[in-house]
Amino acid sequence: MNIDERRLEKTKLFAYMIYITYCGTDFDSFDENKACKSVKGYIKEILEKEKIKLVKGLQQAGRTDKNVSATENIIYFMTTEANVDRLKKYSLIKDVKKVIPYLEFPSLIEKRKYIFEYPKEKIKNSYEKIIKLCQELSGYRDYSKFTTKKGRNILNTFRNIEISYIDGKLYFIGDSFLPHQVRIMSSYILTNSLKELEGKYLKLEKIYLKDFLKDLIFERENLDNPDVIYCEKSKKFTYIYTKDKAKLIGKNGKNIKKLNISNKVIICEVKNV
C-alpha cells in the first residue's frame with residue numbers, strides 16, 4: 001500500500017484503531033441494522049455521545065455473526081479530533097491506538113484467531129478423530145464445503161487456515177474465512193456433521209496486524225522544545241503538535257532540522273489538543 005505523504009501534510013483528519021471486546025449475546029448483529037442492536041451501531045452511539053465526529057464510517061478487523069463474542073476485535077475510524085483517549089472509559093473499549101488516516105484497514109490484517117468451545121457432552125467424535133481431522137483440514141485449500149450457499153458463490157474459496165484442538169477447544173488461525181466457515185467446520189470436526197453449530201460457542205480471540213500497519217502505530221515521544229505541545233512517533237512518521245506551525249518550522253525549516261528527526265515529519269497546528 002502506497003502512502004500519499006502530501007495528503008497527510010494537508011489533511012486535518014486523524015485516525016484511530018480502537019480495540020474492543022464484547023459478549024455476542026448482547027448484540028443482534030455486528031453491522032448496523034435499524035431494527036436491532038449492533039456492535040457498530042453501539043460504537044457510533046459512543047462516538048456521538050462524546051461528540052467525536054466520524055468521517056467516512058467504521059472499518060473492522062473482523063466481522064462476527066450473531067451471538068459470536070470477541071475477546072479482541074479492532075475498529076478503525078477517522079475524525080477531526082487529535083485526541084480521543086476519553087473513549088477508554090467505556091468497558092467495551094480496551095485500548096486506543098492512533099495511526100494515519102486514509103487506510104484500507106481490512107487489507108492490513110495479517111490473520112485472525114477464533115476459538116470454538118463446545119460442551120463436552122455434545123461432542124460425538126473421539127479425541128483421536130478430532131486431532132486427525134484438524135491435521136487433514138489445515139493448510140491452504142478449497143473450503144467451499146464448509147460454508148453457506150452465499151459463501152460458495154464467492155470467486156475464491158481457497159483459504160490458508162491452521163486448526164488445532166487443545167484442552168477441549170478448537171483453535172482456528174487464518175488470513176480470512178468464508179461465511180459461517182468456523183461453525184460449520186467445528187460441527188464437522190466435533191460431531192461429524194455439516195450442520196452449523198450455534199454462535200454462542202464461538203469467540204474471536206485475537207487480531208494479528210501486518211508489519212506495515214504495526215509501523216504506523218503512534219506512541220508519545222518527548223521533544224524538548226517550548227513550541228511543541230506534544231509529539232507522537234511511529235516507525236514511518238513523526239507527528240508534532242504545535243500552536244504556531246511557522247515558528248516551529250523556522251526559516252527554511254531551520255528549527256525542525258535542529259530536532260534531528262530521522263523519519264517523515266508531519267506538523268499539526270492545533271488550538272486544543
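The values are calculated or read from the model by the stated rules, or taken from the named source; none is laboratory data. From a predicted model like this one, the values you see are computed outputs, not experimental measurements. For neighbour counting, all protein chains shown are included, and Cβ atoms are generated from backbone atoms with ideal geometry for every residue, glycine included. We work out accessible area using only protein heavy atoms, side chains counted, and drop any ligands, DNA or RNA first. Shrake-Rupley method; radii C 1.70, N 1.55, O 1.52, S 1.80 Å.
Just so you know, in segment 175-188 the residues that are under 21 Å from Glu198 (Cβ atoms) and touching a residue at least 60 places away in the same chain (Cβ under 8 Å) include one that is most open to solvent (accessible area, probe 1.4 Å), and it is His180.
Just one of the numbered conditions (1) assigned to a strand (DSSP E or B); (2) more than 22 Å from Gly139 (Cβ to Cβ) is not true of Leu170; which one? It is condition (2) that Leu170 fails. Screening segment 47-79 for residues that are touching a Ser or Thr at 6+ places or on another chain (Cβ under 7 Å) and farther than 22 Å from Glu117 by Cβ and picking the one that is most open to solvent (accessible area, probe 1.4 Å) gives Lys53.
Restricted to helices (runs of 4 or more DSSP H) entirely inside segment 199-273, those with at least 2 residues that are within 21 Å of Tyr76 (Cβ to Cβ) and touching a residue at least 40 places away in the same chain (Cβ under 8 Å) are 211-214.
Exactly one residue out of Arg152, Arg141, Arg159 is of a type in the set (Lys, Arg) and either under 20 Å from the mean Cα position of the chain (by Cα) or buried (at least 16 other Cβ atoms within 10 Å of the Cβ) (or both): that is Arg159.
Of everything in segment 97-115 that is more than 12 Å from Leu213 (Cβ to Cβ) and either among the hydroxyl-bearing types (Ser, Thr, Tyr) or free of Cβ contacts under 8 Å to residues at least 12 places away in the same chain (or both), the residue that is surrounded by the most Cβ atoms within 10 Å (Cβ to Cβ) is Tyr114.
Note on segment 11-26: residues that are assigned to a helix (DSSP H, G or I) and within 18 Å of Lys98 (Cα to Cα) amount to 0. Being in contact with a Ser or Thr (Cβ under 9 Å, 6 or more places away or on another chain), open to solvent by 30 Å² or more (accessible area, probe 1.4 Å) and at pLDDT 90 or above is not true of Glu269. For segment 160-172, the set of residues classified as closer than 22 Å to Thr191 by Cβ and either modelled with pLDDT under 95 or not aromatic (Phe, Trp, Tyr) (or both) consists of Ile161, Glu162, Ile163, Ser164, Ile166, Asp167, Gly168, Lys169, Leu170, listed by residue number. Scanning segment 187-196 for any residue that is modelled with pLDDT under 95 and of a type in the set (Ser, Thr, Tyr) turns up nothing.
Would you call Leu178 over 28 Å from Leu103 (Cα atoms) and not small (Gly, Ala, Ser)? Here the answer is no, as Leu178 does not meet what is asked.
Remark: pairs (first residue in segment 125-149, among the small types (Gly, Ala, Ser); second residue open to solvent by less than 90 Å² (accessible area, probe 1.4 Å) and part of a helix (DSSP H, G or I); Cβ separation under 9 Å; 6+ apart in sequence or on different chains) = Ser144/Gly151. Among the residues of segment 106-159, what is the count of those that are more than 15 Å from Ser186 (Cα to Cα) and not in a helix (DSSP H, G or I)? Total satisfying the criteria: 15.
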